[in-house]
Structures are given as structure tokens and as C-alpha cells.
Amino acid sequence: MDNSSSTISLASVKTYLLDLHASIIAAIEKIDGQSFVRDAWERPAVEGGSVHGSGLSCILEEGNVMERAGIGFSHVRGDHLPPSAAAHHPESAGCPWEAMGVSLVFHPRNPYIPTVHMNVRFFHITNKENQPVWWFGGGMDLTPYYGFEEDARHFHQTCHAALTPFGADLYPRFKQWCDQYFFLKHRQEARGIGGIFFDDFNAPGFANSFAMMQSVGDHFLAAYLPIVERRKDMAYGERERDFQAYRRGRYVEFNLVVDRGTLFGLQSGGRTESILMSMPPIAKWRYDWQAPAGSAEAKLTSDFLPPREWIQP
């Protein structure tokens, strides 16, 4: 593993992430017709505080297509690595760190358009021997309310295309990681139909690892926008909206109970509004509700949520 400081360019990573952030916002504003509210923030270093940095949180609410769409860039630094990150890097516990990334969750209004999540991030630690420890992480995953096989295949095929130039083993490995990670153990149920997920990625060296992360970010719009275009004008009623709110409850459960990113943000004293802007605007919970047998709602659970191979051989 190439961890020499001379090969690591935090400035290049930051420039890429800011450009990605801007390009995704422009594409969503074009398809929605409404604009994001841009909230630039800065957290200065203060005596006794462990985290400082800056970022740009952008939110679009009550849009024509997006009921709530949040995308943020952040670059934060701290004196002591939070427990959620140190658990995977115990040798770096208590060391100075910095992290930067782009993270988004889009909750469309139309229940036939899936919710989508994507993030790409870079983490850098200076260990106790004053040596750099770094890695990339991220991925994207799709959470439909009503299942369409062509949408699922398209999304996974695009994820496959993003990773194949960097090794034939990456897509199956990152798909399995995604299936395992975006899973609600307390319900024994997947959050959605998955996609790709990776963390602690640094084995090919900085240049190749950075290129792979860029490819994931660059393929996001190609993975998601064709699905939005296909579904945004489909007619729906109160039944579909009600089921959408019910399934969004699962999204909330995952974010608050399971997600490492949410936990890291809260443990590191991050900006609460930015951390929780991934939450859906409306969600419901019901006691032991079951979808009618043979219904489109039941097919989501029986045909789409169990992990399966979406790419045709």
C-alpha cells in the first residue's frame, strides 16, 4: 500500500468533490425546475472544541419532482478520531484527522421514483508515528417503493460500469458489501435493492484509489436520472403515497440506528442540520402492517428487497 505523504493530494480531492457537488445540483435543478437553497457554513476552531471546518449544505424542498433533496459538501478536521472511525482503525485512536466528502439523499414526490443515496469521501489521519493513514469510501444505493426490474438492472449495470476499469472483482465485492451494510437487522430486511458500498479503500495506492472514487461519483447521474425521467410523470394516488410514507419509516430507522456516517457526524460534534438533512419529509409507522397478498406493495418485499443478481450474464 502506498501511503507516502508525497503521493497524497488533499487539494485535488477537495477540488473534485466541489465540482461533483456543483454538477449534481445543476442536473437536479434542471429536471425539477426549482432551485436548491445553499447554506454555506463554517465551524471555527475554539478552545476546548475538537472539530472545526466548513461546508456547503444544499436543500430543495417541495419541488416539482423532489419532495426533499439534500446534498452536502463538508471538510472537517479534529484532534481526536471519533469512536465510530477508531473502531476500524484502533491504532489511530486519539490521533488528528480530517475528512471531506459529498453526500446526498433525494426523496422524490412521486412514489414510483425511488429514493437514492450516494456519497464519496476521503479520510486522512496522522498517526502516532507522524505517518499518514488514509482511505476512500462511498457508494450509491437505490430504495424503491414500487419495483421495476428495468430500473434495478439499469442502476446496477451503471454501478458495474463505474468499477470494471479498476478490477473485475470490485463490483461483486462492493455489491455484496452494500447488501450487507444497508440491512436492518432488527427487521431482517434490506433497506432497498442495494448498489455498491466501499470503505477503507487504499490498496492500489492513492492515484488509483482516487480514480476509482471519482468514477463512482461521475456515474451517479447516469445511474439515477434515467429512472427519474421514466417515472416522474406516472399517475399515483393516496394509496401509493401512503405506502411511500410507510417505507420511508424504514429509511429513518436505518439512518438513526445503523448508519455509520450519521453516527460519525453526531459523535464528532458535527452540524446537526447537515447530518440529518437526509431524512424524508414525511414518514409513517404502523403496528405489524402487512401488504395484501399479490399486491404491488407485497412484491416489493418478495421480489425486490431480497438480495439478487441484477446484471444479466
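Brief remarks on what is shown
- Accessible area, probe 1.4 Å, largest first, for residues Glu67, Glu229, Glu309: Glu309, Glu229, Glu67
- FRET efficiency for the pair Arg286 and Asn208, taken as 1/(1 + (r/R0)^6) with r the Cβ-Cβ distance and R0 = 41 Å, rounds to 0.30.
- Residues listed by number, segment 178-202, amide nitrogen under 20 Å from Arg308 label point at 7 Å toward C-beta: 178-184, 188-196
- Computed E for Ala22/Ala161 - FRET, C-beta separation, R0 30 angstrom, nearest 0.05: 0.85
- The figure for Arg271 is an accessible area of roughly 80 square angstrom, using a 1.4 Å probe on the protein chains alone.
- Hull volume in cubic angstrom per residue (convex hull over the Cα atoms of segment 157-313): 158
- Length released on extending from Ile31 to Val252, taking residue separation times 0.36 nm less the Cα-Cα span: 77.0 nm
- Phe243 accessible area, 1.4 Å probe, all protein chains in place, Å² to nearest 10: 10
- Taken about its Cα centre, the chain carries a charge dipole of roughly 380 debye when the Cβ of each Lys and Arg holds +1 and the Cβ of each Asp and Glu holds -1.
- Overall shape of the chain was characterised from the C-alpha gyration tensor. The equivalent ellipsoid obtained from it has semi-axes of 32, 21, 19 Å, in decreasing order.
- Pair-distance distribution P(r) for segment 237-313, from all Cα-Cα distances in 5 Å bins starting at 0: 3, 12, 17, 19, 16, 13, 11, 6, 2, 0 percent.
- Potential lengthening between His80 and Thr7 on full extension [0.36 nm per residue; Cα-Cα distance subtracted]: 23.9 nm
- Extension gain, Glu238 to His52, is 62.5 nm, computed as 0.36 nm per intervening residue step minus the present C-alpha separation.
- Working note: Karplus 6.51/-1.76/1.60 with θ = phi - 60° gives segment 193-205 the couplings 9, x, x, 9, 8, 8, 8, 6, 8, 7, 4, x, x Hz, where Gly and Pro are set to x.
- Overall, the accessible surface of segment 168-313 at a probe of 1.4 angstrom is composed of carbon and sulfur to the extent of 54 percent.
- Placing a pseudo-label 7 Å from each Cα along the Cα-to-Cβ vector at Thr301 and Lys185 gives an inter-label distance of 2.2 nm.
- Whole-Hz ³J(HN,Hα) from phi, Karplus 6.51 cos²θ - 1.76 cosθ + 1.60, for segment 247-263, glycine and proline x: 6, 4, x, 5, 4, 4, 4, 5, 4, 8, 9, 10, 4, 5, x, 4, 4
- Residue (of Ser209, Gln312, Ala40) at the positive-pole extreme of the chain, dipole from beta-carbon charges: Gln312
- Residue among Met118, Ala293, Asn130 farthest towards the positive dipole end of the chain, charges placed on Cβ: Ala293
The values are calculated or read from the model by the stated rules, or taken from the named source; none is laboratory data. Worth saying up front: this structure is predicted, and the values here are computed from it rather than measured. Neighbour counts run over all protein chains shown; Cβ positions are idealised from the backbone, glycine included. SASA here: full protein model, heavy atoms, side chains in, ligands and nucleic acids out. Shrake-Rupley method; radii C 1.70, N 1.55, O 1.52, S 1.80 Å.
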